[in-house]
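The values are calculated or read from the model by the stated rules, or taken from the named source; none is laboratory data. Values in this document were obtained by computation on a predicted structure and should not be read as measured data. Counting neighbours? That spans all protein chains shown, and the Cβs are built from the backbone with ideal geometry, glycine included. Remember, those area values only see protein heavy atoms, side chains included, never the ligands or the DNA or RNA. Shrake-Rupley method; radii C 1.70, N 1.55, O 1.52, S 1.80 Å.
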Amino acid sequence: MPVLPMFPLGTVLLPGDALPLHVFESRYRRLVQDCLADPDGPRFGVVLIERGHEVGGGETRHDVGTVARIVMDTELDDGRYVLECIGEERIRVKNWLPDDPYPRAEVEPWPDTDSGPVDFAGLSVGLGQLYGLLDRLSNGRIEPPSITELPDEPGARLFALARFVPIGEADRLQILTASGPAERSAVVTECVSNAVQLAQWRLDSM
């Protein structure tokens, strides 16, 4: 079973998402160095911290996450790193290993299950309604998203659409852990509906 360096964070990384990181803890500097030297590519796993903090260790971690690939790295004079990463495939953590010298885990890929059809037309209508309200709330400062270039595969397309919905980490975790496209579509659709209701309430309260 593959062993990956792991970077627990206070945010959920969805496949396809960009992830900027400022790495200053010594254990994670070592993680970055080892990743950059890995002949299989600079990759590590990202999981959400369930309880605790990103700095210092001792946190409680979720057992689902996403592989992140480093696509750009800058080492600063004091040894810190500034990284640009991209989320790749979803993973399950099967076994956490000792944090020596940094968190590591045995992981396995977690592909989507087959599921029913997805109503992308309905989602597009909902997003259009949402951004119409956000445009009014911001006096034209929020531009509607460009959703013309999206992945063809339904599961990946839903991950991409989720980036345009203002949601919290609990919702993002639900989107990540949905078993297949139909289930993920239901979560994203509910998130869009909730965001529309909130935006409408804020507009009505002005």
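Some points to look at:
- Annotation note: of Arg69, Arg90, the sole residue that is assigned to a strand (DSSP E or B) and either open to solvent by less than 40 Å² (accessible area, probe 1.4 Å) or of a type in the set (Val, Ile, Thr) (or both) is Arg90.
- Tabulated pairs, region 74-92, first within 16 Å of Leu48 (Cβ to Cβ), second of a type in the set (Lys, Arg) and modelled with pLDDT of 95 or more, C-beta under 8 angstrom, 6+ apart or interchain: Cys85/Arg69
- Among residues that are among the acidic types (Asp, Glu) and under 16 Å from Val46 (Cβ atoms), Asp99 is included.
- Qualifying residue in region 155-164 (condition: within 12 Å of Leu127 (Cβ to Cβ) and either among the charged types (D, E, K, R) or open to solvent by 50 Å² or more (accessible area, probe 1.4 Å) (or both)): yes
- The residue that is nearest to Glu190 (Cα to Cα), counting only those in region 129-153 that are part of a helix (DSSP H, G or I) and open to solvent by less than 50 Å² (accessible area, probe 1.4 Å), is Leu130.
- Condition met for Ser193 (of a type in the set (Gly, Ala, Ser) and buried (at least 19 other Cβ atoms within 10 Å of the Cβ)): no
- Residues being open to solvent by 10 Å² or more (accessible area, probe 1.4 Å) and within 20 Å of Thr60 (Cα to Cα) - total across region 27-49: 3
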